[in-house]
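Colleague: Please read through the structure below; I'll follow up with questions.
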Amino acid sequence: MADGAGAPYETPARTALQQFGIGSARLQLIGISENVTFRADDDRSGQSYVLRLHRPDYHTLEELNSERVWLEALRSSGISVPTPVAAPDGRHFVAVKIAEDETRQVGLNLWAPGEIVGELLTAHDKSPDATGPTEIAEPFAQLGGLMAAMHNQAAGWTPPPSFRRHRLDLDGLLGDAPFWGPFWESPVLDERERELLITARDHCRERLRRYGEPRQTFSMIHADLHLANLLTHHGKLSVIDFDDAGFGWHQYDIAVAMFHSRDTADFRAARRAFLHSYRTVRPISDDDLALVPMFELIRGMAILGWRAERPEVPWPDGQIEMFRSGVVAGCERLLDGG
């Protein structure tokens with residue numbers, strides 16, 4: 001039974017389960033962010049599922065179905081990703097009404113065993129038995145090899161003609177209407193900072209325009225692959241949450257992992273471990289890697305845009321200010337040649 005913030009979504013969730021052929025199940029709210037996610041436990045079959053009510057107007061049904069196509073291709077190449085469940089009529093998504101003016105597409109996956117790597121590390125830090133800060137070099141080494149394997153698959157894969165997914169390209173990241181919103185219009189910025197971000201955006205655009213979209217570093221990417229989107233089970237990693245996956249630069253994928261762990265105590269060692277493992281699986285030149293710091297800044301700008309367009313999503317106190325100050329400082333370094 002869902003309560004509180006999840007209560008308005010429980011009846012639509014049960015309606016969706018019925019369309020997937022699951023008559024009854026215990027529902028547990030996992031999270032509300034862009035999407036609403038439940039765990040559903042079917043006591044009759046003993047099977048557990050992840051039920052996701054997708055945010056309206058973020059992806060078309062074609063794009064959601066295309067995500068399933070890529071997941072199957074990744075799974076076929078030996079990468080552990082969510083296992084979708086189809087409805088009896090073959091659909092992978094069913095539509096349910098949330099309110100008079102809101103309909104959501106709902107997808108169902110098998111529940112994957114394991115624990116989220118990021119949560120394990122956070123729990124370690126908070127443990128009274130912890131003897132020091134979390135060391136992330138080992139999980140980062142695993143992540144480097146895993147991401148490289150995903151890039152190998154994507155770079156060598158030809159999507160079917162019906163495949164549709166957003167592009168995190170020059171316009172998708174830095175255009176007049178970026179995929180995650182016009183970050184320079186964030187309400188946390190003052191006028192000087194807005195102008196600074198626009199100038200930095202133009203600088204990044206020109207650099208990426210010259211670089212282009214080489215096939216060896218531009219393909220489908222996860223685009224949100226950090227430690228909070230990794231499951232570990234018996235030493236094996238699985239990748240979850242492909243909601244942001246689209247066509248983009250591999251360096252952006254790498255930058256996302258770096259960006260979200262950059263304040264960890266052993267980050268330099270973790271970065272070395274990541275890159276060593278990545279290069280063991282997939283070659284990448286020093287010149288290509290030299291773009292990663294710029295993509296880290298682009299990731300920070302994207303988060304400012306994302307947050308401005310989703311004020312309903314709760315954030316810890318002070319976090320948006322931390323992002324703002326980091327992005328502003330990064331733009332200043334970029335334009336100073338640092």
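Colleague: With every protein chain left in place, what is the accessible area of residue 276 in Å² (1.4 Å probe, nearest 10)?
Modeller: About 130 Å², rounded to the nearest 10.
Colleague: Residue-wise, which Karplus ³J(HN,Hα) couplings in Hz belong to the stretch 297-304, taking 6.51 cos²θ - 1.76 cosθ + 1.60, θ = phi - 60°, and x for glycine or proline?
Modeller: Once θ is set to phi - 60°, the couplings for the stretch 297-304 become 5, 4, 4, x, 5, 4, 5, 4 Hz.
Colleague: Just for the Cα atoms in the stretch 20-98, what are the lengths along the principal axes, largest first, rounded to whole Å?
Modeller: Over the stretch 20-98, Cα extents along the principal axes are 32, 30, 26 Å.
Colleague: Go through 143, 289 and list them by solvent-accessible area, largest first, probe radius 1.4 Å.
Modeller: Result, largest first: 289, 143.
Colleague: For a Förster distance of 22 Å, can you work out the FRET efficiency between the beta-carbons of residue 321 and residue 190, rounded to the nearest 0.05?
Modeller: Numbers: r = 13 Å, r/R0 = 0.57.
Between residue 321 and residue 190 the formula returns 0.95.
Colleague: Across all directions of projection, what mean area in square nanometres is found for the Cα convex hull of the stretch 127-228?
Modeller: Details: hull surface 42.5 nm².
Mean projected area of the Cα convex hull: 10.6 nm².
Colleague: Binned at 20 Å from 0, what are the whole-percent values of the Cα-Cα distance distribution for the chain, short to long?
Modeller: Per 20 Å bin, starting at zero, the Cα-Cα P(r) for the chain comes out as 29, 60, 12, 0 percent.
Colleague: Applying 1/(1 + (r/R0)^6) with R0 = 30 Å to the Cβ-Cβ distance of residue 138 and residue 41, what FRET efficiency is obtained, to the nearest 0.05? Show your work: numbers first, answer last.
Modeller: Values: r = 32 Å, r/R0 = 1.07.
Approximately 0.40, to the nearest 0.05.
Colleague: Set Lys and Arg Cβ to +1 and Asp and Glu Cβ to -1, take the dipole of the stretch 16-175 about its Cα centre, and tell me which of 174, 51, 30 lies farthest positive.
Modeller: Of the candidates, 51 comes out farthest on the positive side.
Colleague: Considering the Cα trace of the stretch 52-203, what is its radius of gyration and what is Dmax, both in angstroms?
Modeller: Considering the stretch 52-203 through its Cα atoms, Rg and Dmax are 20.3, 56 Å.
Colleague: Let me ask another. Kindly write out, for the stretch 201-213 in residue order, the coupling ³J(HN,Hα) from the Karplus curve 6.51 cos²θ - 1.76 cosθ + 1.60 (θ = phi - 60°), rounded to whole Hz, with x marking Gly and Pro.
Modeller: Going residue by residue, I get 4, 4, 4, 5, 4, 5, 5, 6, 4, 5, 6, x, 10 Hz, with x marking Gly and Pro.
Colleague: Might you tell me the accessible area per residue for the stretch 227-270, computed with a 1.4 Å probe and given in Å²? Could you put the intermediate results ahead of the total?
Modeller: On the way: 1460 Å² over 44 residues.
Accessible surface, normalised per residue, equals 33 Å².
Colleague: Here is a follow-up. On the accessible surface of the stretch 46-183, probed at 1.4 Å, how many percent belong to carbon and sulfur atoms? Mind dumping the intermediate values first?
Modeller: Numbers: 3360 of 6580 Å².
Heavy-atom surface of the stretch 46-183 belonging to carbon and sulfur, 1.4 Å probe: 51 percent.
Colleague: Another question, if that's okay. Can you pull out the trypsin sites (Lys or Arg not before Pro) in the stretch 192-275 that DSSP calls coil and that have at most 16 other Cβ atoms within 10 Å? Each step should come with its number before you reach the end.
Modeller: Values: sites: 192, 194, 201, 205, 207, 209, 210, 215, 236, 262, 268, 271, 272; in loops: 262.
For trypsin sites (Lys or Arg not before Pro) across the stretch 192-275 that sit outside H, G, I, E and B with at most 16 neighbouring Cβ atoms in 10 Å, the list reads 262.
Colleague: When all protein chains stay in place, what accessible area (Å², nearest 10, 1.4 Å probe) is found for residue 45?
Modeller: 80 Å²
Colleague: Given the stretch 183-338, report the % of alpha carbon pairs whose separation exceeds 29 Å.
Modeller: Result for the distance tail: 19 percent.
Colleague: Quick one: if the Förster radius is 35 Å, what FRET efficiency do residue 91 and residue 119 give, using the C-beta to C-beta distance and rounding to 0.05? Provide the component values of the computation, followed by the final result.
Modeller: Details: r = 32 Å, r/R0 = 0.92.
For R0 = 35 Å, the calculated efficiency reads 0.65.
Colleague: Pop a pseudo-label 7 angstrom from the Cα along the beta-carbon direction at both residue 61 and residue 77 and give the gap in nm to one decimal.
Modeller: 2.9 nm
Colleague: If you keep only loop residues by DSSP, which GluC sites (Glu not before Pro) in the stretch 250-338 have at most 12 other Cβ atoms within 10 Å of their Cβ? Display every interim value, and only then the final one.
Modeller: On the way: sites: 296, 309, 312, 321, 332; in loops: 309, 312.
When the GluC sites (Glu not before Pro) of the stretch 250-338 are filtered for loop state and at most 12 Cβ neighbours within 10 Å, 312 remain.
Colleague: Quick one: accessible surface of residue 264, probe radius 1.4 Å, all protein chains present, in square angstrom to the nearest 10.
Modeller: So the heavy atoms of residue 264 present about 40 Å² to solvent.
Colleague: Grab the Cα-Cα distance for residue 215 and residue 268, subtract it from 0.36 nm times how many residues apart they are, and report the gain in nm with one decimal.
Modeller: Working: separation 53, 0.36 × 53 = 19.08 nm, distance 2.88 nm.
Extra length from residue 215 to residue 268 when fully extended: 16.2 nm.
Colleague: Counting only Cα atoms, I'd like the Rg/Rh figure for the stretch 225-310, Kirkwood definition for Rh. Please list the in-between numbers first.
Modeller: On the way: Rg = 13.8 Å, Rh = 14.3 Å.
On the Cα set of the stretch 225-310, Rg over Rh gives 0.97.
Colleague: Any chance you could run the full-extension gain for residue 276 through residue 199? It's 0.36 nm times the residue separation minus the Cα-Cα distance, nm to one decimal. Walk me through the intermediate numbers first.
Modeller: Values: separation 77, 0.36 × 77 = 27.72 nm, distance 3.40 nm.
Taking 0.36 nm per residue and subtracting the Cα distance, the gain is 24.3 nm.
The values are calculated or read from the model by the stated rules, or taken from the named source; none is laboratory data. Predicted, not measured: the structure shown is a model, and the values here were computed from it. Cβ atoms come from the backbone with ideal geometry, glycine included; neighbour counts cover every protein chain shown. These area figures cover heavy atoms from the full protein model, side chains too; ligands, DNA and RNA do not enter into them. Shrake-Rupley method; radii C 1.70, N 1.55, O 1.52, S 1.80 Å.
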